[in-house]
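Nothing in this text is a laboratory measurement; each read-out follows from the coordinates by a stated rule. The structure presented is a predicted model; accordingly, all values stated were derived computationally and were not measured. For neighbour counting, all protein chains shown are included, and Cβ atoms are generated from backbone atoms with ideal geometry for every residue, glycine included.
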Amino acid sequence: MTTWPQQPDSRTCGPSVVVVAQGLPGPWPDFAADVLAMHRRLNRWWPRALGTTPWAIAAELGGRVRRFRADEVVAALPTPVPVYVGSRWLPRHVVLAVGTTADDGLRVYDPARGAVVPLTAVRWRTTWFSVVPS
């Protein structure tokens, strides 16, 4: 069973998703240090306080940014897919699609919780972008 790590602060959901995606199936022995280093690397020209852009994650993972489409994300699995979620006005959080189930659909690693949950259980309800493999 995988133990899922929790993001080290409120601004590192994007780097946490990248570290987990690159290190699946785990473990992540120095997760907080790895995430903070990734945050610096991904946001070299973007203020870290504003989070991480989908284009930075796409460059790091070798993917492309697309408007979220569940069928496209499911087709990319089992490769993990970062998904930006938020309010209807702004993307606010990044989760990582890691699988599906017949019962609750798309399953995502939520770095804020440090757990895999149904996408419908994530705090933010509006899906914005996904970073699908090239």
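Data table
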| quantity | calculated |
| --- | --- |
| Rounded FRET efficiency, nearest 0.05, which uses the C-beta distance separating residue 134 from residue 92 and R0 of 30 Å | 0.70 |
| Ranked packing of 120-128, 5-13, most packed first, by mean Cβ within 10 Å | 5-13, 120-128 |
| Estimated FRET transfer efficiency (residue 11, residue 70; beta-carbon r; R0 30 Å; 0.05) | 0.65 |
| Distance (nanometres) between label positions extended 7 Å along Cα→Cβ at residue 103 and residue 79 | 3.0 nm |
| Relative contact order %, the chain, counting alpha carbon pairs below 8 Å whose residues are six or more apart | 29 percent |
| Along principal axes, Cα extents of segment 13-133, largest first, whole Å | 38, 34, 25 |
